[in-house]
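Read the structure below first, then the notes.
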Amino acid sequence: MAHSVRSRRTAAALAALSIGMLALTACNGDADNDVAAPGKQASPSATGKGKGTDTPSSADGGGSGKSSASPTPSTPASSQEPGSDDDQDGGVGMCETADLTYKVTVASRPVNHALLAASNKGSDPCLLSANELVITIPGLDGAAEHMGPEGKDWILKPGESAYAGILFSRADTAGGKSADKVEVALTASESPTTVSINGGPVTVNDGQVTSFFGTAEDALTY
């Protein structure tokens, strides 16, 4: 009799344990279905995505703050960068030695100086190179050295003149060669033209020349 009672109790306990396990399994299955079910949308806190879901049709206009208009094409760099002849001088050609007439006159002050005046004798303007002037004395070796500051190239209009100062002799240098002519070229690559010295001859022992300037006063400052 005792054995039958214990058997029934054991069987009841096992049955209760089985029911409990089945209930626990069912609960876990429901929880899994809650996460994976395609018909349910995860909350922002679960996915970590609480922003950036608005579409352009939302109340704030899409949140971009940008106009839908296409940007205006920028100007090509080639048309912005200076450096071509057209940008600098409107297509005007460089002045050549043969385009100008020259006059060299001994200056009263400063001493041992002469003034060179170069005038555009043509009917068209030309671009004058201010710093490449070459002055030589026939019979003497070498060209006059540069003195004073460099000038700026500018367009020399028909009939307009440019000026340069020429130093023939230093006061502290004895001796020298007598000269009544100079040779003038606007660049070292051109053939020079010979110009008589008005008020000469002069004694030459240290030839120097300035750049071209717009006035005689500026040219004879150095």
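The values are calculated or read from the model by the stated rules, or taken from the named source; none is laboratory data. All of these numbers come straight from a predicted model, not from anything done at the bench. All Cβ positions, even for glycine, are placed from backbone atoms using ideal geometry, and neighbour counts span all protein chains on display. For the accessible areas, the whole protein counts, side chains as well, though only heavy atoms, and no ligand, DNA or RNA atoms are used. Shrake-Rupley method; radii C 1.70, N 1.55, O 1.52, S 1.80 Å.
Applying a 10 Å radius around every beta-carbon, put 152-158, 205-211 in order of their mean neighbour count, most first.
205-211, 152-158
Just report the Cα centroid separation between segment 95-117 and segment 180-216, whole Å.
The distance from the Cα centre of segment 95-117 to that of segment 180-216 comes to 6 Å.
Search the structure for amide H atoms under 5 Å from the amide H of VAL209, placed 1.01 Å from N in the peptide plane, and list their residues when 5 or more places away or on another chain.
When sequence neighbours closer than 5 places are left aside, the close amide H contacts are GLU145, HIS146, MET147, LEU167.
Taking amide hydrogens as modeled 1.01 Å from N in the peptide plane, which residues meet the under 5 Å criterion relative to TRP154, leaving out close sequence neighbours?
So TRP154 has HN proximity to LEU128, ALA130.
For segment 101-180, compute Rh as the Kirkwood radius over C-alpha pairs and then the Stokes-Einstein diffusion coefficient at 37 °C and 0.692 mPa s; write the answer in µm²/s, rounded to an integer.
Using the Kirkwood radius from Cα pairs, D works out to 229 µm²/s.
How much accessible area per residue does segment 120-167 have, in Å², with a 1.4 Å probe?
Here the per-residue accessible area is 52 Å².
In segment 112-163, carbon and sulfur make up what percent of the accessible area (probe 1.4 Å)?
Roughly 47 percent of what the probe reaches on segment 112-163 is carbon or sulfur.
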